[in-house]
There are 2 protein chains.
Amino acid sequence: MKLDNIKELLGGEKLLQEVSVKGWIRTFRSNRFIALNDGSTINNIQCVVDFENISEKILKQLNTGAAVSINGTLVESQGKGQNVEIQVKDIAILGESNPEEYPIQPKKHSLEFLREKAHLRVRTSTFSAIMRVRSSLSFAVHQYFNQNGFNYVHTPIITGSDAEGAGEMFRVSTLDIKNPPLTDNKEIDFKEDFFGKETNLTVSGQLEAETYAMGLGKVYTFGPTFRAENSNTSRHLAEFWMIEPEVAFLDLDGNMDLAEDFIKYVIKYALDNCKDDLEFLEQRLLQEEKTKPQAERSEMTLTEKLHFVIDNNFKRVSYTEAIEILKNSKPNKKKKFNYIIEEWGADLQSEHERYLVEKHFKTPVILFDYPADIKAFYMRANEDGKTVRAMDILFPGIGEIVGGAQREERYDVLKEKVEAMGIDEKELWWYLELRKFGTATHSGFGLGFERLVLFATGMTNIRDVIPFPRTPQNAEF
Amino acid sequence: MKLDNIKELLGGEKLLQEVSVKGWIRTFRSNRFIALNDGSTINNIQCVVDFENISEKILKQLNTGAAVSINGTLVESQGKGQNVEIQVKDIAILGESNPEEYPIQPKKHSLEFLREKAHLRVRTSTFSAIMRVRSSLSFAVHQYFNQNGFNYVHTPIITGSDAEGAGEMFRVSTLDIKNPPLTDNKEIDFKEDFFGKETNLTVSGQLEAETYAMGLGKVYTFGPTFRAENSNTSRHLAEFWMIEPEVAFLDLDGNMDLAEDFIKYVIKYALDNCKDDLEFLEQRLLQEEKTKPQAERSEMTLTEKLHFVIDNNFKRVSYTEAIEILKNSKPNKKKKFNYIIEEWGADLQSEHERYLVEKHFKTPVILFDYPADIKAFYMRANEDGKTVRAMDILFPGIGEIVGGAQREERYDVLKEKVEAMGIDEKELWWYLELRKFGTATHSGFGLGFERLVLFATGMTNIRDVIPFPRTPQNAEF
C-alpha cells in the first residue's frame, strides 16, 4: 500500500478511505490517542487506537519518539483540535524509543539544551518549523533568480587569495602539521602543499562571481562562506551561507531595485508557502516575549514584521543624510546610544541602524554613498573624492541584512586602490583584467542567508537557524 | 531607456521598435556587422553600423571583447543566419579590449589554454553554453525536490569526523603552522585550534542528512564536498558539488524509483530549457569526434544520449547476475577488458559498467545488492550474510553516475560494523543514536553534480564543467 503523507491527509481529501502512514509519535495519551508526525507538516495527525485490541507489548512501546507504521481509515474527528483523524486498524512498531533515554520529551526544552542534541532537535515542532522555512526560503532564492534570467554560479570554496580582506580565514592544507616541509630559509614550504601554495576557505564568492557576470550578464552565488573570527555571539557563525548576485551593466540604483525586489519576493514566498510553520513560530515568539519586560518586547508580531518588509517601499537615504538625522536624534543628544555619533565618517552600529528603521523612518531603509574609508577597496569611487557607491539595507530588529555596491570598473582607479591597500597584485591579476578587457558598470550585493532565516522565523540566536552550527570550540556532528 | 536582453530581442517581439542593448563584441566584420552577446543566450545579435557616420576613434575600438552600448531599431534581417538585427543609431564604447592583449580571440582556442583563462573563458560560446546548462540543471535539482515535498538541508562543510572513510581529507585549521601549540607529550595540541579539535572538509553530507530525514521525512543536500586525493585525471576534482537525497521509510526499491525519476526529470528539464545551448554543444561534439578514429567515436549524438536516458526504463540487475553476464561476455573471454572478471566479489570498473549499459542491455542499468566487502559500513546488510542493499546507476559513456543504498537501521548490527571497521564510536555517537530512537528503514543516494554536467554537455574533462576547478597544484583565481 502506498504511503500517505500527513500534510495531505490533514487536507481531508481521502476522507473515509483506507490510509497508510509512517511517522514518529509526538505524544500518546489516555492509552488511545497518538499524535503522529512525519515531517511533512508541523501538524500532527491524531491516530485513535482501540487499546483493548492491541497487545500489551505494543501499547508499552507507544512512546514519544518511536517510529510506527499505521493503517486505518481517515474519518472526521469527534474531538477538538483537528478536523480528521485516523481510526487505527493495524499498528506496527518500526523503532522503539526508550522514554528513560530519549532526550526529546514532550515538554519545553531550552534552546541551549537542544543545540547539544542537534541531531535530534529537528524532531521538535520549533526546529522542524525553522528548517522547513529555511528550505522554502532557499527555494525562493533559486526561483527568483531563475525567473529573472540569472545563472547560478558555483564559485570556489577553497581559494588561493585573501584578497577581499573580509576577515580572518581558515587555512586548508594537507601538509603534515607535525613535520611540515621547510624551505632553505626554514619557512613552511607551501609548494609542497596540495595546491602548491597556501590556501584558505573563501570569505565571499563575489570576486569570482564578477568574472562570470562579465560574460553571462546576470549571475548569483549561493554557497557556504567562512570566517575564523573568535566571536562567540548570537550573530556570528564560522560557517554560513551567503547569496551574492552580480549584474553587468547595472548601476547602484538598479542594484537597490534588485535587492528590494528580491527580498520582498522571498519573504512573500515564505508567507505564502509556510503559513502553518510561521503561525507556530509567531505563537512561540509571543509566548517568549511574555517572559520579557515590556520595554524589551517587540512592537510587531512576526507576521507584522514580515509584512512591514513587503508592504513598504524601502526608504533610500544617503549616508550623509543619515548622519545628520542621527546626530540630531534624541538618543544621540541624550547619550542613550552606546556609540555617540559625533561626525561624518563614523561607522554605524546596529543601534543606529535600528533607530533609523524603527523610530525615524518606520520602514526598511537603504543607506547609500558611504565614506570610502569604511568600505571595501572594490567599490566604485564617487566624484566627490570621499564616498563610494555602496549600499546597505537595514531591517527592523536585526539592522543590516544586505551589503552591496556598484563595483569600481576603471582599471587605473582600481589598480591604485589595490596598491594603496597593500594587496599583492599577483593575487588579483585576473580581477584587474576584468577592467582591462570589456569593462563596464556592474553591481551586486551579499545577503547572509542565516540573517534572513533569523528575520523570517523570529529566532534570536543564529545557531538555531542552521542545522549544525560551527562556532569557536564547536564542530560537533 | 530600459535595457533589452538579446535573448528576448531574438524572439522578435520588439520588431520595428527602438531597442537598447549592452553587451560584448564577439566579432566585427566588414566595418559594418557587430555580433553582440550579453550572456542571456548563446546566440549573438547582429548590429549593423553605418560606418560613414561613426567616428574613426569608435570604429577602431570595435574589437572582440569590447563592451558597448547600442541604441537602434530592431528590423528584419536581409542577411543569412538571423531573422532580426539592429540598425544602430548610437553606439558607445563602455570598455575597450586591446586585440594585441585580449586572449579570447575569435578562433578556436584549446580547452587547456582556456583553463588558464578561467576568468575569461565564460565569454566563449562553448563555456557560456556549458555554464548555462549547469545553472539550469542546478535549478532543476531544486525544483524536482521542492515539487516532491523534500526539504533542502545545508549540512556542514567543516566536520570533526572522518567517519565515512570516503577518502583523503583536507585539514581546516587556524593553528600557526610554523609554531603549533604542543601538548606535554609533544603532540599537536588541537584543543588550541579554532574548533578545539582536529577538523576537516567534508567528503559527504549523507550522515548529517540522515539525522534530518529521521525528523523531516524527505530531505536533500546540494553542496560542495572535497577529496584530497592526488589524482590528476579528467574525472577527479578536489572540490566538487554533490546532491544527496535521504528519505525515511524508503527501501531500496523505492530508492531506485526515486533516483530514476529524479535523473529523468533533470535531464528532461535541460532538454526543454537549454535547446540552443545543447544544440551548440552537440555540433561542437560532432566536430570534435570527426578528428578521432572511427572506433573511438561515440555511437550516439549528445541529444540521442540524453534521450537514451529519459526514454528507456533503467534495467535493474543484481550484482550477482551482472557478474555472470560479464564473466561470459566476449571481451572477458577474449581478455579485452583491462580487468578480467574472474569471480564474484570483484569490484566493477568503468569498462565493465559501460559494457553492461552500451553493449549488453542497451539501456541505463541499476546494479543492486553488492558484496558487503566493497561497500560502505552504513549499508543495510541482506539476510544472505554477504551482500548489502546498495545500488549504483550506470550511464553510457561515463559508467557510474549515482551510488546509493538502503541504510543499516538496526542499532546492534551497525554498532558491530562500526567496531569492525575500527571507527571511533565517539565520533559517531549521534549517528548511532538515530538507530536507538525511532529508527526505521531509510535510503538515499549521492550524485556527483559535475558528472551529471559532463554527461549533459558532452564534455570529457571535468575541469571544463565547473567555473574554477580545484586540482592538485591548482587553486588559481
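The values are calculated or read from the model by the stated rules, or taken from the named source; none is laboratory data. A quick note: this is a predicted structure, and the numbers were derived from the prediction, not measured. So basically every Cβ, Gly included, is an ideal-geometry build from the backbone, and we count neighbours across all protein chains shown. These area figures cover heavy atoms from the full protein model, side chains too; ligands, DNA and RNA do not enter into them. Shrake-Rupley method; radii C 1.70, N 1.55, O 1.52, S 1.80 Å.
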For this session: Report, to the nearest 10°, how far helix A:302-311 tilts away from the longest principal axis of the Cα atoms in chain A, using its own Cα long axis and a range of 0 to 90°.
Result: 50 degrees
For this session: Working from Cα positions, state the angle (0 to 90°, nearest 10) between the long axis of helix B:252-273 and the longest principal axis of chain B.
Result: 0 degrees
Problem set entry | Spherically averaged projected area of the stretch B:6-103 from its Cα convex hull (nm²) | 6.0 nm²
Seminar exercise, completed: Using a 1.4 Å probe on heavy atoms of the protein chains only, the accessible area for A:K117 in Å², nearest 10, reads 50 Å²
For this session: Can you give me the P(r) profile for chain A? Cα pairs, bins 10 angstrom wide beginning at 0, each as a whole percent.
Result: 4, 16, 24, 22, 16, 11, 6, 1, 0
Exercise. Is the shape of the protein assembly as shown best called rounded, prolate or oblate, per the rule: a/c under 1.5 gives rounded, else a/b larger than b/c gives prolate, else oblate, with a ≥ b ≥ c the square roots of the Cα gyration tensor eigenvalues?
Worked result: oblate
Problem set entry | Carbon/sulfur fraction of accessible area - the stretch A:6-103, other protein chains in place, 1.4 Å, % | 43 percent
Exercise. Which residues, if any, in the stretch B:451-477 have at least 30 Å² less accessible area in the whole protein complex than in the isolated chain, probe 1.4 Å?
Worked result: B:P467, B:F468, B:R470, B:Q473, B:A475, B:E476, B:F477
Exercise. Full extension from B:E425 to B:L271: what is 0.36 nm times the residue separation minus their Cα-Cα distance, to one decimal in nm?
Worked result: 50.8 nm
Exercise. What nm value, rounded to one decimal, do you get for the distance between A:E100 and A:E229 when each label is placed 7 Å out toward the C-beta?
Worked result: 4.8 nm
Seminar exercise, completed: Buried by partner chains in the stretch A:223-253 (accessible area down by at least 40 Å² vs chain alone, 1.4 Å probe, heavy atoms, protein only) are A:E239, A:W241, A:F249
For this session: Run through all the Cα pairs of the stretch A:299-420 and give the fraction in each 5 Å bin from 0, expressed as whole percent.
Result: 2, 11, 19, 21, 16, 13, 9, 5, 2, 1, 0
Exercise. Total accessible area buried between chains B and A, 1.4 Å probe, in Å² to the nearest 100?
Worked result: 8900 Å²
Seminar exercise, completed: Any lysines whose Cα falls less than 19 Å from that of A:K336, other than same-chain ones fewer than 8 residues away, would be A:K327, A:K359
For this session: Please report, as a whole percent, how much of the solvent-accessible surface of the stretch B:187-301 comes from carbon and sulfur atoms (probe radius 1.4 Å).
Result: 46 percent
Seminar exercise, completed: The size of the Cβ-based charge dipole (Lys, Arg +1; Asp, Glu -1) of the protein assembly as shown about the Cα centre, to the nearest 20 debye, is 1080 debye
Problem set entry | Nearest beta-carbon to the A/B symmetry axis - residue in chain A, distance in Å | A:H142, 2
Exercise. Label point 7 Å out from A:K60 along Cα-to-Cβ: which residues of the stretch A:82-107 have amide N under 15 Å?
Worked result: A:93, A:96-100
Problem set entry | Centre separation in Å (Cα based) which lies between the stretch B:256-270 and the stretch A:29-63 | 36 Å
For this session: Between B:F113 and B:V75, with labels modelled 7 Å along Cα→Cβ, what's the label distance in nm to one decimal, could you check?
Result: 3.7 nm
Exercise. Roughly what angle does helix A:125-147 make with the longest principal axis of chain A, taking Cα atoms, 0 to 90 degrees, to the nearest 10?
Worked result: 50 degrees
Seminar exercise, completed: With every protein chain kept in place and a 1.4 Å probe, the protein assembly as shown has an accessible area per residue in Å² of 42 Å²
For this session: Any chance you could run the full-extension gain for A:E8 through A:D261? It's 0.36 nm times the residue separation minus the Cα-Cα distance, nm to one decimal.
Result: 87.9 nm
Exercise. So what J values fall out for the stretch B:100-113 if you push phi through Karplus, 6.51 cos²θ - 1.76 cosθ + 1.60 with θ = phi - 60°, rounded to Hz, Gly and Pro as x?
Worked result: 6, 10, 5, x, 9, 8, x, 8, 7, 9, 6, 4, 4, 4
Exercise. If each of A:Y339 and A:Q283 carries a label point 7 Å out from its Cα toward its Cβ, how far apart are those two points in nm?
Worked result: 4.0 nm
For this session: Step through the table entries A:K22/B:K268; B:K2/B:K89; A:K218/B:K2; A:K275/A:K305, compare each Cα-Cα distance with 21 Å, and write down the pairs that go over it.
Result: A:K22/B:K268
